[in-house]
1. What spacing in nm lies between the two simple spin-label points modelled at Arg164 and Gln41, each 7 Å away from Cα in the Cβ direction?
2. Sorted from fewest to most neighbouring beta carbons within 10 Å, what does the list Ile42, Ile95, Ile26 look like?
3. Which helices, taking whole DSSP H runs in the chain, have alpha carbons extending 15 angstrom or more along the helix axis plus mean Kyte-Doolittle at least -0.5?
4. For the stretch 118-139 and the stretch 1-72, what is the centre-to-centre distance using only Cα atoms, to the nearest Å?
5. Between Ser3 and Val18, what is 0.36 nm times their sequence separation minus the Cα-Cα distance? Round to one decimal in nm.
6. Full extension from Ala131 to His10: what is 0.36 nm times the residue separation minus their Cα-Cα distance, to one decimal in nm?
7. Taking other Cβ within 10 Å of each residue's Cβ, how do His10, His171 sort, fewest first?
8. If each residue's Cβ is checked for other Cβ atoms within 10 Å, how do Val18, Val153 rank with the fewest at the top?
Amino acid sequence: MTSWPHSYRHFQDLETSVGNHLLRPIAWEDREPIRLWRNDQIHVLRQAQPLTTSDQDRYFTDVVRPQMAMPQPPQVLWGLLEDDRLIGYGGLVHIQWADSRGEVSFLTDPARLDPATFAFDWRTFLAMLTAIASSRLGFHKLTTETYEIREEVIDILESTGFQREGIHPDHHRIGDRWVASLSHGLLLD
């Protein structure tokens, strides 16, 4: 493969750091850890089946890379690093450029799911992403969709200013159980 772009072509300043944490545009070498994390946490994702290595390579090559060259990509993805080690990834998905809005997505290394570490990583990611979305991308609003079983995620969202905007009962099936999906929003202006 030819070299992977270091940033989104039309948004050159999408990297930021806080302490020993760095948020930088997604990289080719992120694909395998992300694949493993997604397969491990499939129950909290909108993903129907486990990803194979070839699925992930194809997604990065055919979807992510071309989007990095678009003036208005449908998603913008970042890797979250701690001391130069990838610990999470996420970004803005389902972007509506005309409305200056995107949905926040975040997934962490399963080894970091203990409540204190997860809360710290999620808050760090949200702070950095919110700053970039507002100041560098000019977004007006961020949204999220979270399943009701993810109480720690909901608590963090609401404690960082996201407002609950809706509940969709029986919206997602986990095993033989139906769970609600909660929508949250954050105005950036």
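1. 2.2 nm
2. Values: Ile42 15, Ile95 20, Ile26 26.
Fewest to most other Cβ atoms nearby, the residues stand as Ile42, Ile95, Ile26.
3. Sorted by number, the helices that extend far enough and score high enough are 115-135.
4. The two parts, judged by their Cα centres, are 17 Å apart.
5. Stretched out fully, the Ser3 to Val18 stretch lengthens by 2.7 nm.
6. Details: separation 121, 0.36 × 121 = 43.56 nm, distance 1.77 nm.
Answer, rounded to one decimal: 41.8 nm.
7. Starting with the residue having the fewest Cβ neighbours, the order is His10, His171.
8. Values: Val18 12, Val153 19.
With the sparsest Cβ surroundings first, the list reads Val18, Val153.
Readers should treat all values here as calculations from the given coordinates under stated rules, not as data from a laboratory. Only a predicted model underlies this, so the values are computations on that prediction, with no experimental measurement involved. Note that each Cβ is placed from the backbone with ideal geometry, even for glycine, and that neighbours are counted across all protein chains shown.
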